[in-house]
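**Student:** Sharing a structure below in C-alpha cells format, with a few things to ask.
The values are calculated or read from the model by the stated rules, or taken from the named source; none is laboratory data. Quick caveat, the model's predicted, so the values are computed rather than measured. Because the Cβ atoms are built from the backbone with ideal geometry, glycine has one as well, and the counts that use them run over all protein chains shown. All accessible areas refer to the heavy atoms of the entire protein, side chains included, with ligands and DNA or RNA removed. Shrake-Rupley method; radii C 1.70, N 1.55, O 1.52, S 1.80 Å.
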Amino acid sequence: MVLIAAGLDKTFSKFLVPKLDFLKHLQGSSLKKFILILLIIFTNISIACTGFGVVTESGTLTGRNRDYYYQPQRFELMMPIQQFNNWYENNYNHNNKFYALTSKNNVSMGINQNGLTIIEEDSPLTKYAKKQRRFQQPENGTAEGMIKYGILQNFNTIDEIVPYLSKIFSVADPQFYQISDGKKLLTVEVAYGQNNADKIRKFTYKIYSNKNDYFAHTNHYLSSEFSSLNDLRSDEDFFLTSNSRLQKITDHLTHAKVKNMSAAANWLMDTYSDVAGKNSKITCMNSSLFRSDLQGVKSVNLNIGNDKIFGTVSSMIISNNGDLNHSYIYLIMLDSITTDKNNRQVIKYRKLQTTISKLFSEPHPKFTEHAFLRTPVVNGVCS
C-alpha cells in the first residue's frame with residue numbers, strides 16, 4: 001500500500017489535485033480510503049453517451065445513456081470524504097452522501113441525498129488526445145471524476161453551484177457536464193486548452209428554469225464559441241453518429257406530448273437508426289440512442305467484461321419535483337447480450353425504479369430482472 005500511495009502522490013500532484021501535501025499525514029483507513037478515491041478519479045474513462053434534461057410542469061427530468069465497454073458495473077453508495085469538504089472553498093458544509101454508477105472504480109454519474117444529479121458526455125475524440133496536454137485537464141486542474149464527486153458531496157442546488165462555476169470549470173477536464181435539481185438545469189461545455197502550457201480552460205454554461213426548457217447533448221460542442229473544436233475530431237463516423245443521436249433525442253424532447261419518466265425510459269431504449277457510416281454497414285447500431293454493436297461476437301457478459309467492444313451498458317433517469325418522497329430514479333444496468341438462432345439480440349438487464357427518499361433510506365437498492373429483443377440490421381436499418 002505504501003508503494004501505491006507514493007506512486008499516486010507523484011502522479012496526482014502533477015496532473016490532478018493541487019496542494020496534496022496533506023496526503024503524507026494520512027494513515028491507516030484514511031489513507032486507504034483516499035487512495036480508493038484517487039483510483040476512482042484516475043480510471044475515469046468513458047465512451048460517448050447521450051444526455052438530456054427538460055423542465056416539466058412539476059420539476060425536472062434528466063437522463064443519460066451510458067455507452068461504455070461491456071464491463072462489470074456497480075450502483076453504490078458513496079460517502080463524503082473529509083479531504084473533499086469545502087470543495088472550492090464553499091461554506092455550505094453539506095457533506096452529502098450520494099449514489100453513483102461505477103465501473104472499474106470510475107464514478108460515471110450520480111445523485112446525492114438532496115436530489116442533485118450530475119451526468120456528462122465526452123468531448124470529440126482527437127488523435128492528439130493522449131499526447132498533448134491541451135486536450136486534457138490542466139496541469140493543476142481537475143479530472144471529471146473529481147468534479148462529480150466534489151459537486152455531489154458539496155452542493156444541494158444549482159443556485160449554490162453558480163457562484164463557484166469559474167473555480168470549478170476553468171480548471172476542469174474538457175468535457176460536457178449536465179447538472180439538475182428539482183427546479184433548474186445547468187449545462188456546461190469545457191473547451192480544450194489553447195496550447196499545452198495553458199493552465200485555464202474556457203467554458204460556457206446555460207441555466208434552464210422555464211417550463212419546457214430543455215437541453216440535449218451527445219459528443220460534439222454545441223456552443224458557437226467552441227464549435228470549431230469539432231473539426232479536430234479523428235473519426236468522421238464518430239461525428240455522424242453523435243449528430244444522429246443528438247437529433248433523435250431532440251426529436252423526442254420536442255415532439256413528445258408527455259414528458260415523464262416512463263416516456264423518457266422509452267426514449268433511451270430507442271434502438272431505431274438508419275444512419276450509415278462511411279466505414280461500416282452496421283453504424284446504425286452505434287448511432288441509435290440504445291447501442292449494441294457486438295462487432296461479430298455472439299454474446300457478451302458484463303460480469304466478465306470485454307475491453308474491445310462497447311455499447312449502451314446502463315441508463316439513468318431522474319424525475320425530481322423538489323419533494324424527494326415523490327421524486328424518482330429509474331436505472332437499468334445491462335447484464336448480458338446473446339444472439340438467438342434468428343440473429344436477434346437477447347438483452348438482459350436489471351431495473352431499479354424507486355423514490356429518491358427510499359433510495360437513501362433502504363439498506364440496498366432493489367432491482368428486478370428484465371429482457372428484450374433487438375432485431376438485426378436489415379439493409380442498414382436497425383429497429
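**Student:** Have a look at Ser288, Ser273 and point out the one that is over 22 Å from the mean Cα position of the chain (by Cα), under 19 Å from Asn65 (Cα atoms) and of a type in the set (Ser, Thr, Tyr).
**Tutor:** Values: Ser288 fails: over 22 Å from the mean Cα position of the chain (by Cα).
It is Ser273.
**Student:** If I ask for residues that are outside any strand (DSSP E or B), open to solvent by 40 Å² or more (accessible area, probe 1.4 Å) and farther than 13 Å from Ser299 by Cα, which ones from the stretch 333-357 would you list?
**Tutor:** Asn342
**Student:** Being surrounded by 14 or more Cβ atoms within 10 Å (Cβ to Cβ), within 24 Å of Asn266 (Cα to Cα) and touching an Asp or Glu at 6+ places or on another chain (Cβ under 6 Å) is the requirement here; does Arg291 meet it?
**Tutor:** Yes.
**Student:** Moving on to the next point. I need every pair where a residue in the stretch 289-302 that is over 14 Å from Lys348 (Cα atoms) and of a type in the set (Asp, Glu) has its Cβ under 7 Å from the Cβ of a residue that is at pLDDT 90 or above and outside any loop (DSSP other than H, G, I, E, B), sequence separation at least 6 or different chains.
**Tutor:** Asp293/Gly311
**Student:** With the requirement that a residue be part of a strand (DSSP E or B) and open to solvent by 30 Å² or more (accessible area, probe 1.4 Å), what does the stretch 304-332 give you? Step through it out loud before you land on a result.
**Tutor:** Within the stretch 304-332, the subset part of a strand (DSSP E or B) is 310-320, 328-332.
Matches in the stretch 304-332: Phe310, Ser319, Tyr328.
**Student:** Going by the conditions given, is Thr250 in a helix (DSSP H, G or I) and of a type in the set (Val, Ile, Thr)?
**Tutor:** It is true that Thr250 is in a helix (DSSP H, G or I) and of a type in the set (Val, Ile, Thr).
**Student:** Answer with yes or no whether Thr204 is assigned to a strand (DSSP E or B), under 18 Å from the mean Cα position of the chain (by Cα) and polar (S, T, N, Q).
**Tutor:** It is false that Thr204 is assigned to a strand (DSSP E or B), under 18 Å from the mean Cα position of the chain (by Cα) and polar (S, T, N, Q).
**Student:** With closer than 20 Å to Leu61 by Cβ, modelled with pLDDT of 95 or more and either in contact with an Asp or Glu (Cβ under 9 Å, 6 or more places away or on another chain) or aromatic (Phe, Trp, Tyr) (or both) as the only criterion, which of Phe215, Phe226 stands out?
**Tutor:** Phe215
**Student:** While we're here: Taking the stated definitions as given, is Val275 part of a loop (DSSP other than H, G, I, E, B) and surrounded by 20 or more Cβ atoms within 10 Å (Cβ to Cβ)?
**Tutor:** So Val275 fits the description; yes.
**Student:** Mind checking which residues of the stretch 208-247 are open to solvent by less than 50 Å² (accessible area, probe 1.4 Å) and assigned to a loop (DSSP other than H, G, I, E, B)?
**Tutor:** Answer for the stretch 208-247, where residues must be open to solvent by less than 50 Å² (accessible area, probe 1.4 Å) and assigned to a loop (DSSP other than H, G, I, E, B): Asp213, Thr218, Asn219, His220, Tyr221, Ser223, Phe226.
**Student:** Does at least one position in the stretch 24-38 carry a residue that is modelled with pLDDT of 95 or more and small (Gly, Ala, Ser)? Spell out how you get there, then give the answer.
**Tutor:** The initial filter retains those residues of the stretch 24-38 that are modelled with pLDDT of 95 or more, namely none.
No, the stretch 24-38 contains no residue that is modelled with pLDDT of 95 or more and small (Gly, Ala, Ser).
**Student:** Between a residue in the stretch 98-120 that is on the phi > 0 side of the Ramachandran plot and of a type outside the set (A, V, I, L, M, F, W, C) and any residue that is buried (at least 24 other Cβ atoms within 10 Å of the Cβ) and not in a loop (DSSP other than H, G, I, E, B), which pairs come within a Cβ distance under 6 Å, given they are 6 or more apart or on different chains?
**Tutor:** From residues that are on the phi > 0 side of the Ramachandran plot and of a type outside the set (A, V, I, L, M, F, W, C), the pairs are Gly115/Asn320; Gly115/Ile356.
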